[in-house]
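Derivation of every value follows stated rules applied to the coordinates shown; laboratory data play no part. All of these numbers come straight from a predicted model, not from anything done at the bench. When we count neighbours, we look across all protein chains shown, and the Cβ atoms used for this are built from the backbone with ideal geometry, even at glycine.
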Amino acid sequence: MTRVPLFVAAVLGSAVARADVQEIGTELRFFSPATSWKVSIPKEDWTISQEKRRPDGTGFYYMLSSKSRLLHFSIFLDKTNQCSSAEDCRALFWRNPGPMYKDPKEVKQYEKNGFQVVQFYLDGVGGFPIKQANLSAHMYKDGYWLDVHISKVGREVPTPDSMISLLESITVK
């Protein structure tokens with residue numbers, strides 16, 4: 001998959017109000033200033049560990065972690081014409097998931113909460129003897145590819161329940 005590289009804007013220790021992420025009440029909201037909608041997740045104890053954006057404002061990426069849930073969550077809002085539906089975007093991702101997702105196990109594809117999802121686990125990550133459960137969820141809205149990734153690691157394959165629960169809590173409005 002060919003995407004324009006994102007440039008690091010800042011590394012944050014906690015969520016703060018920015019042009020494309022807001023902490024409002026009990027929610028974290030991610031958006032493009034060019035759209036009328038926002039992607040929201042429950043605020044809980046999420047910490048933003050990485051933030052990137054394209055200088056032209058067409059792409060936004062955030063990586064967050066939750067110590068209480070032992071989950072990692074990332075979202076990429078990408079203005080694109082590479083796909084034109086959630087199904088197209090998921091298929092585009094899955095045709096070339098990249099070296100990070102080498103040799104996925106127990107692959108399942110389904111729809112959940114308006115997202116087209118690929119669920120799988122990895123048996124060892126980066127040479128470490130851990131198991132990583134993954135959800136890669138895709139939506140397409142108003143020319144933007146919403147690419148969400150949720151993962152959890154463990155000595156045994158983590159159950160996907162907490163990841164699916166997080167995916168079900170996402171609102172796009």
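Listing ASP78, ASP88, ASP147, ASP45 from fewest to most neighbouring C-beta atoms within 10 Å gives ASP45, ASP88, ASP78, ASP147. Computed from phi, the 3J(HN,Hα) profile of segment 47-64 under the Karplus parametrisation 6.51, -1.76, 1.60 (θ = phi - 60°) reads 10, 7, 9, 8, 9, 9, 8, 6, x, 7, x, 9, x, 9, 9, 9, 10, 10 Hz, with x in place of Gly and Pro.
Phi angles of segment 103-109 translate, via the Karplus equation with coefficients 6.51, -1.76, 1.60 and θ = phi - 60°, into HN-Hα couplings of 6, x, 10, 6, 6, 10, 10 Hz per residue; Gly and Pro are given as x.
Each residue of segment 20-34 is assigned a 3J(HN,Hα), and the resulting list reads 10, 9, 9, 9, 10, x, 9, 10, 9, 10, 10, 6, 9, x, 7 Hz, derived from the Karplus form 6.51 cos²θ - 1.76 cosθ + 1.60 (θ = phi - 60°), x at Gly and Pro. Projecting label points 7 angstrom from Cα along Cα→Cβ for GLU106 and ILE130 puts them 1.8 nm apart. Rg then Dmax, both in Å and based on the Cα atoms of the chain: 15.4, 44.
When both segment 18-50 and segment 70-85 are represented by their alpha-carbon centers, they are found 14 Å apart. Here the residues THR26, THR80, ranked from fewest to most Cβ neighbours within 10 Å of their Cβ, fall in the order THR26, THR80.
Extension gain for GLU156-LEU70 works out to 29.6 nm (0.36 nm per residue, less the C-alpha to C-alpha distance).
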